[in-house]
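Q: Supplied in structure tokens, the structure appears directly below.
The values are calculated or read from the model by the stated rules, or taken from the named source; none is laboratory data. Computed from a predicted structure; not experimentally measured. Note: ideal-geometry Cβ built from the backbone for every residue, glycine included; neighbour counts use all protein chains shown.
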């Protein structure tokens with residue numbers, strides 16, 4: 001599990017908190033402080049004394065390799081409160097840089113800038129809190145950390161770390177409130193709303209100040225902070241609550257002064273309630289460790305509002321030559337890989353081709369035989385599809401012809417047509433021409449067309465006085481399309497396929513030598 005060391009210092013004292021991060025939790029292993037020796041500061045040995053102290057702490061807790069977080073006081077950083085035109089988050093770094101250089105003459109091109117933007121729509125003005133750190137101050141931080149054999153991974157603004165801890169101590173507070181945190185001789189006064197730092201001041205206290213004077217001074221600075229807060233940052237909000245970070249004994253007299261004052265609610269917050277540190281391990285003046293605890297909690301989620309080692313910068317466009325070089329490299333790698341793959345597969349492909357050529361010759365020979373057999377089968381199937389089912393046709397026709405009292409067939413021949421189906425030629429006698437018309441109506445259906453070529457009257461005959469010759473064209477149909485035996489026969493329209501048989505076939509073709517000749521007789525009449 002990784003160790004994380006959070007440190008901060010001022011001119012008189014250095015403080016640390018050593019923790020272990022496990023998942024989404026942090027466990028505090030050790031914490032403490034060390035006063036700087038004035039003689040070391042005069043001799044320029046403050047960095048060496050600090051480094052030796054940190055090395056001893058890490059060795060004691062077997063944490064020689066750890067992540068180092070450094071907190072900077074408000075006095076080391078310049079804060080600007082800007083209102084920028086509507087812009088996206090990606091456009092803000094460039095706007096912040098330009099506007100900050102116009103607002104402050106101390107900000108140069110090499111000044112490190114990081115910022116916090118209020119959550120708002122991109123089509124509205126953006127309120128931004130900008131933190132500016134000079135390069136010389138950052139070099140001093142690196143120099144002091146190098147004395148301990150460490151390199152900082154984060155350089156964080158101390159008031160923002162206190163705000164992060166406050167956000168965890170008081171969740172869901174949407175009103176503007178003042179957070180007071182005393183760190184040594186410095187007092188951070190931060191106005192916070194919805195977990196965001198709106199305004200921050202740091203007050204330097206005298207070296208030897210009594211409790212009464214401390215309460216009066218803090219009361220005065222609290223009122224001054226509320227009055228001097230920029231209205232464009234607060235908007236229409238007003239500060240009604242004051243939170244004091246530390247122990248109850250640290251601010252006892254201050255609470256007595258505010259007790260009963262109209263419009264303010266004062267509450268003390270213990271910074272160690274979110275860490276699980278036992279009371280016996282907490283040193284006096286517990287409020288001075290609040291920024292370090294906030295830094296550790298932010299490191300758990302790797303989300304620090306301001307980090308001077310990783311500031312928010314404008315996204316630089318990728319140079320075209322790099323894009324072209326990357327594309328060329330990718331093309332070269334792909335071409336090389338493809339060439340190697342193809343070269344490795346050539347031998348296998350050649351063997352497969354030889355086998356396929358042999359197989360193709362065998363398949364071609366089999367295909368030729370299959371084509372010949374298929375042609376024969378298709379010829380037979382075509383012949384069968386063109387022929388009519390003469391037995392079913394004869395059965396169906398016998399049900400449609402009139403009875404023996406009305407008609408007698410003298411001759412009937414059935415022969416295939418030149419196109420499809422067949423032709424039935426009938427010759428017979430009827431008693432009356434109307435019987436002939438009724439017979440044609442019964443025979444005609446979607447599969448048959450009827451044409452009578454000759455109807456003549458016979459002289460001297462009393463019963464069957466009319467002779468007729470009729471041709472019927474038949475188209476093939478499936479067995480299930482024939483009516484059931486004995487079913488009533490309905491007169492329907494003639495199909496186009498039946499009418500497609502040419503008149504020449506009905507009139508001009510001779511009867512086939514093998515044509516079937518049928519004669520219908522009845523018990524009631526004979527031809």
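Q: In the stretch 263-281, what residues are closer than 15 Å to residue 30 by Cα, touching a residue at least 12 places away in the same chain (Cβ under 8 Å) and not in a helix (DSSP H, G or I)?
A: Hits for the stretch 263-281 are 275, 276, 277.
Q: Take the residues in the stretch 140-165 that are within 36 Å of the chain's Cα centre (by Cα) and under 27 Å from residue 270 (Cβ atoms); name whichever of them is surrounded by the fewest Cβ atoms within 10 Å (Cβ to Cβ).
A: Of the residues in the stretch 140-165, the ones within 36 Å of the chain's Cα centre (by Cα) are 153-154, 156, 160-161, 163-165.
Narrowing further to those that are under 27 Å from residue 270 (Cβ atoms): 154, 156, 160-161, 163-165.
Details: 154: 22, 156: 29, 160: 28, 161: 30, 163: 26, 164: 25, 165: 26.
Looking at the filtered set, the residue picked out is 154.
Q: Let me ask something else about it. Looking at the stretch 194-208 only, could you name the residues that are outside any strand (DSSP E or B) and surrounded by 13 or more Cβ atoms within 10 Å (Cβ to Cβ)?
A: Just the residues of the stretch 194-208 that are outside any strand (DSSP E or B), to begin with: 194-195, 205-208.
Correct list: 194, 195, 205.
Condition check ((1) over 30 Å from residue 88 (Cα atoms); (2) within 32 Å of the chain's Cα centre (by Cα); (3) not in a loop (DSSP other than H, G, I, E, B)) across all residues:
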residue: 313; (1), (2), (3): no, yes, no
residue: 321; (1), (2), (3): no, no, yes
residue: 328; (1), (2), (3): yes, yes, yes
residue: 346; (1), (2), (3): yes, no, yes
residue: 350; (1), (2), (3): yes, no, yes
residue: 353; (1), (2), (3): yes, no, yes
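Q: Given the stretch 87-171, what helices (runs of 4 or more DSSP H) lie entirely inside it while holding 1 or more residues that are more than 23 Å from residue 302 (Cα to Cα) and not assigned by TED's automatic domain parsing to the domain that holds residue 202?
A: Details: elements: 92-103, 135-147, 158-169.
By residue number, 135-147.
The rows are residues; the columns are (1) surrounded by 21 or more Cβ atoms within 10 Å (Cβ to Cβ); (2) free of Cβ contacts under 8 Å to residues at least 60 places away in the same chain; (3) more than 60 Å from the chain's Cα centre (by Cα).
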position	(1), (2), (3)
388	yes, no, yes
391	no, yes, yes
394	no, no, yes
403	no, no, yes
407	yes, yes, yes
422	yes, yes, yes
426	yes, yes, yes
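Q: Determine whether residue 296 is surrounded by 11 or more Cβ atoms within 10 Å (Cβ to Cβ) and either outside any helix (DSSP H, G or I) or at positive phi (or both). Don't jump to the end; show me each part of the working.
A: Working: surrounded by 11 or more Cβ atoms within 10 Å (Cβ to Cβ): yes; either outside any helix (DSSP H, G or I) or at positive phi (or both): no.
Spelling it out, it is not the case that residue 296 is surrounded by 11 or more Cβ atoms within 10 Å (Cβ to Cβ) and either outside any helix (DSSP H, G or I) or at positive phi (or both).
Q: For the stretch 294-339, give me each residue that is modelled with pLDDT under 85 and over 30 Å from residue 165 (Cα atoms).
A: 315, 316, 317, 318, 319, 320, 321, 322, 323
Q: Out of curiosity, is residue 169 over 22 Å from residue 272 (Cα atoms) and surrounded by fewer than 24 Cβ atoms within 10 Å (Cβ to Cβ)? It would help to see each step written out before you state the result.
A: Working: over 22 Å from residue 272 (Cα atoms): no; surrounded by fewer than 24 Cβ atoms within 10 Å (Cβ to Cβ): yes.
Spelling it out, it is not the case that residue 169 is over 22 Å from residue 272 (Cα atoms) and surrounded by fewer than 24 Cβ atoms within 10 Å (Cβ to Cβ).
Q: Evaluate the following for residue 36: is it outside the structural domain of residue 280 (by TED's automatic domain parsing) and in contact (Cβ under 8 Å) with a residue 60 or more places away in the chain? Lay out the reasoning, then the answer.
A: On the way: outside the structural domain of residue 280 (by TED's automatic domain parsing): yes; in contact (Cβ under 8 Å) with a residue 60 or more places away in the chain: no.
Spelling it out, it is not the case that residue 36 is outside the structural domain of residue 280 (by TED's automatic domain parsing) and in contact (Cβ under 8 Å) with a residue 60 or more places away in the chain.
Q: Being on the phi > 0 side of the Ramachandran plot and not in a helix (DSSP H, G or I), is that true of even one residue in the stretch 229-247?
A: Of all residues in the stretch 229-247, those on the phi > 0 side of the Ramachandran plot come to 235, 246.
Remaining after also requiring not in a helix (DSSP H, G or I): 235, 246.
Yes, some residue in the stretch 229-247 is on the phi > 0 side of the Ramachandran plot and not in a helix (DSSP H, G or I).
Q: Has the stretch 469-479 got at least one residue that is surrounded by fewer than 20 Cβ atoms within 10 Å (Cβ to Cβ) and in a strand (DSSP E or B)?
A: yes
Q: I've got another one for you. Only one of these is assigned to a strand (DSSP E or B), over 52 Å from the mean Cα position of the chain (by Cα) and modelled with pLDDT of 85 or more: 34, 67. Name it.
A: Values: 67 fails: over 52 Å from the mean Cα position of the chain (by Cα).
Just a single option satisfies the conditions, and that option is 34.
Q: Can you go through 433, 402, 416, 446 and tell me which one is within 22 Å of residue 483 (Cβ to Cβ) and in contact with a strand residue (DSSP E or B) (Cβ under 8 Å, 6 or more places away or on another chain)?
A: Working: 433 fails: within 22 Å of residue 483 (Cβ to Cβ); 416 fails: within 22 Å of residue 483 (Cβ to Cβ); 446 fails: in contact with a strand residue (DSSP E or B) (Cβ under 8 Å, 6 or more places away or on another chain).
Going through 433, 402, 416, 446 in turn, the sole match is 402.
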